[in-house]
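Asker: Sharing a structure here in structure tokens format.
The values are calculated or read from the model by the stated rules, or taken from the named source; none is laboratory data. All of these numbers come straight from a predicted model, not from anything done at the bench. Cβ placement follows ideal geometry from the backbone for every residue including glycine, while neighbour counts extend to all protein chains displayed. Accessible surface areas use protein heavy atoms only, side chains included; no ligands, DNA or RNA. Shrake-Rupley method; radii C 1.70, N 1.55, O 1.52, S 1.80 Å.
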Amino acid sequence: MSTNEIFTDNASMNPEGGFPRGIVFDCDGTLADTMPLHWIAWQTITQKHQLHFPEDRFYSLGGVPSRDILKMLAEEHGIELDPQAVAREKEEAYLTLMAQVGPVHAVVEVARANFGKIPMAVASGGTQPIIRQVLQHLGILELFGAIVTSEDVVNQKPAPDIFLEAARRIGVPPQWCRAYEDTDLGLQAIRSAGMEAVDVRQLLAK
């Protein structure tokens, strides 16, 4: 698949059918092939705290901050725990796997091809330190003019807030932005923000 094929996918959804003036990327599962590693970390934490969290549900909640998932699981199980503290445990478990993180090449190719041409941002449900470490590990941190994470907005995906904030920080109206995501919740957030949505799963299936 060529960069041009990826970049022009669904171009007709942009105003006047032109190229976007800004691009926003999710990180986990979109720029970085991290989801299997996050699942390993989640298994460690949920087993430790006796929480039932099936793999299919983990993937369906992609983009939701760990603290929010843990709060939901604790309520469902009737277990008292500190979601923030356990979320930090999960991050620590994930950090031990950081060396195994690789890029999603087709999407990283899009970012590299457009660096210096139009503003780009990352909008992730992760935390600022972790996302920056992932992007630095992949050698692509410098490609993005803004890194927006779960700490920067109150309402998380599927709310549009994180994508709207990313557009604001790169100075591009949301209707002129194209955004890349790999989850249904993330795509819902993009469309709610009024942006053109690109489903990474469909790109990788081509």
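Asker: Take the alpha carbon gyration tensor of segment 100-172, find the square roots of its eigenvalues, order them as a ≥ b ≥ c, and report rounded if a/c is under 1.5; if not, report prolate when a/b exceeds b/c, else oblate.
Answerer: Details: a/c = 1.97, a/b = 1.26, b/c = 1.57.
It is oblate, given that a/c is not under 1.5 and a/b is not larger than b/c.
Asker: Right, another one. Rounded if a/c is under 1.5, else prolate if a/b is larger than b/c, else oblate: which is segment 44-122, with a ≥ b ≥ c the root eigenvalues of its Cα gyration tensor?
Answerer: On the way: a/c = 2.67, a/b = 2.33, b/c = 1.14.
Judged from the Cα gyration tensor, segment 44-122 comes out prolate (a/c at least 1.5, a/b above b/c).
Asker: For the chain, what does the accessible surface come to per residue with a 1.4 Å probe? Please give it in Å². Intermediate results must be reported in sequence, preceding the final value.
Answerer: Working: 9320 Å² over 206 residues.
Value returned for the chain: 45 Å² of accessible area per residue.
Asker: Turning to a different aspect of this structure: With +1 on the Cβ of every Lys and Arg and -1 on the Cβ of every Asp and Glu, and nothing else charged, how large is the dipole of segment 36-116 about its Cα centre, in debye rounded to the nearest 20?
Answerer: Working: 7 positive and 11 negative charges, 45 e Å.
Charge dipole, segment 36-116, about its Cα centre: 220 debye, nearest 20.
Asker: Related question: Using only Cα atoms, tell me the angle between helix 83-95 and the longest principal axis of the chain; keep it within 0 to 90° and round to the nearest 10.
Answerer: Taking Cα atoms only, the helix is inclined about 70 degrees.
Asker: Among the aspartates and glutamates, which fall within straight-line cross-link reach of K71, defined as a Cα-Cα distance under 15 Å, with same-chain neighbours fewer than 8 residues apart omitted?
Answerer: E80, D82, E89
Asker: In segment 138-206, carbon and sulfur make up what percent of the accessible area (probe 1.4 Å)?
Answerer: Details: 1360 of 2730 Å².
Of all accessible area on segment 138-206, carbon and sulfur atoms account for 50 percent.
Asker: Still on this model: How charged is the neighbourhood of V104? Take every other residue with its Cβ under 14 Å from the Cβ of V104, and add Lys/Arg as +1 and Asp/Glu as -1. Could you put the intermediate results ahead of the total?
Answerer: Values: positive: R112, R201, K206; negative: D26, D28, D33, E109, E181, D182, D199.
Here the charged neighbours net out to -4.
Asker: If a/c stays under 1.5 just call it rounded; otherwise compare a/b with b/c (prolate if a/b is bigger, oblate if not). Do that for segment 133-206, with a ≥ b ≥ c from the square roots of the Cα gyration tensor eigenvalues. Before the final figure, lay out each step's value.
Answerer: Working: a/c = 1.42, a/b = 1.03, b/c = 1.38.
Rounded is the answer for segment 133-206, as its axis ratio a/c remains below 1.5.
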